[in-house]
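Below you'll find the structure, written out as structure tokens, and then a few comments.
The values are calculated or read from the model by the stated rules, or taken from the named source; none is laboratory data. Just so it is clear, the model here is predicted, and its values are computed rather than measured. Please note: Cβ atoms are built from the backbone with ideal geometry, for glycine as well, and neighbour counts cover all protein chains shown. Note: accessible area is taken over every heavy atom of the protein model, side chains too, but ligands, DNA and RNA are not part of it. Shrake-Rupley method; radii C 1.70, N 1.55, O 1.52, S 1.80 Å.
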Amino acid sequence: MKTFFVLTLVVLMNAAFQCETSPLPIPDESKYCSNVDWLRAIITSAQQNSTKAEVIRYQYKGETVYINTCIDCADSMAQVYNCSGEVICQFGGIAGFNTCPDFEDTATQKKVIWRN
């Protein structure tokens, strides 16, 4: 009985330490934007980086937009992309950019689509 208990404990501990956290899957955003290859590239790059990041989808001025931002990064630059992958706004950074001052007041339907 004691051997069975020890063996079970060893197996459980071994299983616990072999769990690897795999990156979150890249979400399918094709129902919001026809071309999301650029978004996949941003998320793939973030998955390979050791910093915490997230991608958030919004509706802004009648179109779907995405923000790629670093979580808990001092002086990081958040960029807002349209469905073509073009940067339409920037927030933060050392210079304190805010090229869309109405974004916080007018952007709606906030949805975090990916976070590492």
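So the values come out like this:
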| read-out | value |
| --- | --- |
| Members of segment 102-116 that are more than 21 Å from the chain's Cα centre (by Cα) and surrounded by 10 or more Cβ atoms within 10 Å (Cβ to Cβ) | ASP102, THR106 |
| Residue in segment 41-53 that is open to solvent by less than 30 Å² (accessible area, probe 1.4 Å) and part of a strand (DSSP E or B) present | yes |
| Of residues in segment 59-88 being in contact with a Cys (Cβ under 6 Å, 6 or more places away or on another chain) and not in a strand (DSSP E or B), the one surrounded by the fewest Cβ atoms within 10 Å (Cβ to Cβ) | SER76 |
| Tabulated pairs, segment 39-65, first within 17 Å of VAL112 (Cα to Cα), second of a type in the set (D, E, K, R) and open to solvent by 60 Å² or more (accessible area, probe 1.4 Å), C-beta under 7 angstrom, 6+ apart or interchain | LYS52/ASP72; GLU54/ARG115; ILE56/LYS110; ILE56/LYS111; ARG57/LYS111; TYR58/LYS110 |
| Neighbours by Cβ (under 8 Å, 6+ apart or cross-chain): first from segment 25-36, under 11 Å from CYS83 (Cα atoms); second of a type in the set (A, V, I, L, M) | GLU29/VAL36; GLU29/LEU39; GLU29/ILE113; SER30/VAL36; CYS33/LEU39 |
| Matching residues, segment 89-116, being touching a Phe, Trp or Tyr at 6+ places or on another chain (Cβ under 7 Å) and either of a type outside the set (S, T, N, Q) or not in a strand (DSSP E or B) (or both) | CYS89, PHE91, PHE97, PHE103, THR106, ALA107, LYS110 |
| The listed residue being of a type in the set (S, T, N, Q), modelled with pLDDT of 95 or more and more than 24 Å from ASN35 (Cβ to Cβ), out of THR106, THR64 | THR106 |
| Condition met for GLU54 (among the acidic types (Asp, Glu), under 10 Å from the mean Cα position of the chain (by Cα) and at pLDDT 85 or above) | yes |
| So ASN49, is it modelled with pLDDT under 85 and not hydrophobic (A, V, I, L, M, F, W, C) | yes |
